[in-house]
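**Q** Handing you this structure, nothing more for now.
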2 protein chains.
Amino acid sequence: MKKIKVVQWGLGNMGRGMVEMLLTKEGVQVAGAIEKRVTEKVDLGTFLGKEVLGIPVHSDAERLLDEVKPDLCILAINSFAKGVVEEIRLLTKKKVNVITIAEEMAYPYVTEPALSEEIHKMAVENGVTVMGTGVNPGFVLDTLIIQLSLGVRRVDHIFARRVNDLSPFGLTVMEEQGVGLSREAFEQGVKDGSIYGHVGFMQSIPMIAKSLGLTYDEIRQTRAPIMTAVRRETKDVVVKAGMVCGCNHTAVALKDGKPVITLEHPQQVRPDMEDIETGDYIEIHGDPDLSMVIRPEVPGGIGTIAAAVNVIPHVINADPGLITMTDIPVTHAIMDDFRNHLK
Amino acid sequence: MKKIKVVQWGLGNMGRGMVEMLLTKEGVQVAGAIEKRVTEKVDLGTFLGKEVLGIPVHSDAERLLDEVKPDLCILAINSFAKGVVEEIRLLTKKKVNVITIAEEMAYPYVTEPALSEEIHKMAVENGVTVMGTGVNPGFVLDTLIIQLSLGVRRVDHIFARRVNDLSPFGLTVMEEQGVGLSREAFEQGVKDGSIYGHVGFMQSIPMIAKSLGLTYDEIRQTRAPIMTAVRRETKDVVVKAGMVCGCNHTAVALKDGKPVITLEHPQQVRPDMEDIETGDYIEIHGDPDLSMVIRPEVPGGIGTIAAAVNVIPHVINADPGLITMTDIPVTHAIMDDFRNHLK
């Protein structure tokens, strides 16, 4: 059997990480990459500042897809369904399965019902599968909560909190979180919608609720700036003392005024600079109560990279259509040949 | 659509708990129960010491199955594949899907390869699904570990430890663990095989290894008595001070002499009597390291009851055959109508 041919679309921080991970894995090959910043065809190795790999990088997606004819593409260019739909249209037309880390695509049915239906049709008509995943949404604040609930007879309230380091992410995510702004600019950004905070609550909450059969009347969100007392620096940004280093974004699903699902996600760059302990916390209140702690948190960058790469065989195995992490068998790390996991 | 008809086979501690849980759930009905201790037909409510439910309990399995024609049976009578195979033969012949908490059935392929093949054939020929589950094996020391590994790029060593309270279980499990014996009788029991300890390592380790593509040369197990300094009492047993209150059972899968998967499972009745903290601990050492703690542990009794009941729709949805928890989509609590989860 031939190796699984993967094209990486988007070579930002996440995309580069996925390529590097794929290069260490058996039974799967990086057949090419698509990156809009590349004006002419270059070698992926050269692009990454390493030895020549003989793997093409184009900005012309259609040309590259026709040239390498991949089985699957990992799409890492944007957080929103609207920001990836044209790419998904092209990929499905070319009969390519799609994994995307666009956060909204982890469960796009509530925020983009018409687009979800359209993407589902594109996938079904072309016999391929489209799925969104990543560390969150896709894993920590949804799939893992859903899985933990197996051990309980009754769920009254789910409370989960992910305190993480935002540093591994690139500028797309930094801008969504308002990193580097003044408090005033942050608050203005929240008002005008330019600061979104975490893209994921409107995905994770409906995904949990649908899986467990919980209902709610409304979801209330709050977004507050996290201010830094010290200078914090990452590969991509510098935040001066007194400025915004992240966003404390929370969401609660209420039923008859009572919380059913509460998710908190204070994200900031370099929490270590002020000795802030990171971690993932899941509490299921019900019969019985369960309390899970992962400390430090599943790292945001590596977790997203790992999730996107590790689900490759599951996505290829799945029935055609737009699916979510709850439609496929339990997902996991893969240490052997990826082809061993194909049906 | 009619309610999902379930027959409970075995009304020990676990079976009673499953019936009680099922009676609180929507879209699923307890159609009958099979219990060998019942000499004539009785009412399930009467058997449980509650109001009459109008649900028959027989010792004659075939008669009961013909009478109620269930969609699915939960089999809770024995820990081993050999101890449930004849029941599974009858159930599959009657076109009944099977969930069993027989620990060995969570992944019987290694310890009972021929029997696994036979059960798989029975299931396929009759168009039904057979799956083993429970809190462990089935959830904490396998499915949950597998799911957590999604967030890592590379796995070097998995270390997990489940420190739990054995009290909710019935005599079958107590005898397997040597509860109530002297140290000498325990050690003799380990030698002659009458004290097995935890039935699950030879299931969980191969299940994890298969999922993640890890290999090992051998599995080494140790079984040591846990002695109590105080009197410990449960509904089913009394352990005097100085006697065995549980078994510290460990297993390690070695590759080239190095541990790949290490599972520790010290189980005892009433750990609270000596202020022993219970919990589930999962460490994945690799890239990156991840460390998860659930404290107190997912309760053994309730966890097994919940797991067996919560997977009902997934098992009905699955393709015919002998399957495991890794063959079905992520499993979870169900708070709405069970029929909403049927495909």
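**Q** Return only the number of the condition from (1) surrounded by 17 or more Cβ atoms within 10 Å (Cβ to Cβ); (2) in contact with a Pro (Cβ under 6 Å, 6 or more places away or on another chain); (3) not hydrophobic (A, V, I, L, M, F, W, C) that A:LYS41 does not satisfy.
**A** (1)
**Q** Only residues that are among the hydrophobic types (A, V, I, L, M, F, W, C), open to solvent by 30 Å² or more (accessible area, probe 1.4 Å) and under 22 Å from B:PHE80 (Cβ atoms): list them for the range B:190-242, please.
**A** Passing the criteria: B:VAL190, B:MET202, B:ILE219.
**Q** Across the range A:1-35, which residue is surrounded by the fewest Cβ atoms within 10 Å (Cβ to Cβ) among those that are without any contact (Cβ under 8 Å) to a residue 40 or more places away in the chain and assigned to a loop (DSSP other than H, G, I, E, B)?
**A** Among them, the one singled out is A:LYS2.
Results for (1) within 19 Å of A:ILE205 (Cα to Cα); (2) at the interface with chain B (Cβ under 8 Å from one of its Cβ atoms); (3) not small (Gly, Ala, Ser), shown as yes or no for each residue.
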| position | (1), (2), (3) |
| --- | --- |
| A:GLY138 | yes, no, no |
| A:ASP142 | yes, no, yes |
| A:ASP156 | yes, no, yes |
| A:ALA160 | yes, no, no |
| A:SER167 | no, no, no |
| A:THR172 | no, no, yes |
| A:VAL179 | no, no, yes |
| A:ALA185 | no, no, no |
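**Q** Suppose we filter B:ILE276, B:ILE282 for residues that are of a type in the set (A, V, I, L, M), more than 7 Å from chain A (Cβ to nearest Cβ) and open to solvent by 30 Å² or more (accessible area, probe 1.4 Å); which single one remains?
**A** Only one candidate passes the filter, namely B:ILE276.
**Q** Go through (1) in the same structural domain as B:ALA251 (by TED's automatic domain parsing); (2) of a type outside the set (Asp, Glu); (3) in contact with a strand residue (DSSP E or B) (Cβ under 6 Å, 6 or more places away or on another chain); (4) buried (at least 24 other Cβ atoms within 10 Å of the Cβ) and name the single condition B:VAL155 misses.
**A** Of (1) in the same structural domain as B:ALA251 (by TED's automatic domain parsing); (2) of a type outside the set (Asp, Glu); (3) in contact with a strand residue (DSSP E or B) (Cβ under 6 Å, 6 or more places away or on another chain); (4) buried (at least 24 other Cβ atoms within 10 Å of the Cβ), only one is false for B:VAL155: (4).
**Q** Run down A:ASP327, A:ASP319 and say which single residue is within 8 Å of chain B (Cβ to nearest Cβ), modelled with pLDDT of 95 or more and open to solvent by 40 Å² or more (accessible area, probe 1.4 Å). Walk me through how you get there before you give the answer.
**A** Numbers: A:ASP319 fails: within 8 Å of chain B (Cβ to nearest Cβ).
None of the others qualify; the one that does is A:ASP327.
**Q** Next up: Go through the residues of the range B:247-259 one by one and say whether even a single one is open to solvent by 50 Å² or more (accessible area, probe 1.4 Å) and within 13 Å of chain A (Cβ to nearest Cβ).
**A** Taking every residue of the range B:247-259 in turn, at least one turns out to be open to solvent by 50 Å² or more (accessible area, probe 1.4 Å) and within 13 Å of chain A (Cβ to nearest Cβ).
**Q** Collect the residues in the range A:91-121 that are surrounded by fewer than 22 Cβ atoms within 10 Å (Cβ to Cβ) and without any contact (Cβ under 8 Å) to a residue 60 or more places away in the chain, keeping them in residue-number order.
**A** If the condition is that a residue be surrounded by fewer than 22 Cβ atoms within 10 Å (Cβ to Cβ) and without any contact (Cβ under 8 Å) to a residue 60 or more places away in the chain, then A:LYS93, A:LYS94, A:LYS95, A:GLU112, A:PRO113, A:ALA114, A:LEU115, A:GLU117, A:GLU118, A:LYS121 are the ones that fit.
**Q** Where the second residue is open to solvent by 10 Å² or more (accessible area, probe 1.4 Å) and in a helix (DSSP H, G or I) and the first is over 15 Å from B:GLN147 (Cβ atoms) and not assigned by TED's automatic domain parsing to the domain that holds B:ALA102 and lies in the range B:204-217, which pairs have Cβ atoms under 8 Å and are six or more apart or on separate chains?
**A** Correct list of pairs: B:GLY213/A:ASN340; B:GLY213/A:HIS341.
**Q** Looking at (1) touching a Leu at 6+ places or on another chain (Cβ under 9 Å); (2) polar (S, T, N, Q); (3) outside any strand (DSSP E or B), find the lone condition where A:THR215 falls short.
**A** (1)
The values are calculated or read from the model by the stated rules, or taken from the named source; none is laboratory data. What you are looking at is a predicted structure, and each value in this text was computed from that prediction instead of being measured. Please note: Cβ atoms are built from the backbone with ideal geometry, for glycine as well, and neighbour counts cover all protein chains shown. The area values use the complete protein model at the heavy-atom level, side chains included, leaving out ligands, DNA and RNA. Shrake-Rupley method; radii C 1.70, N 1.55, O 1.52, S 1.80 Å.
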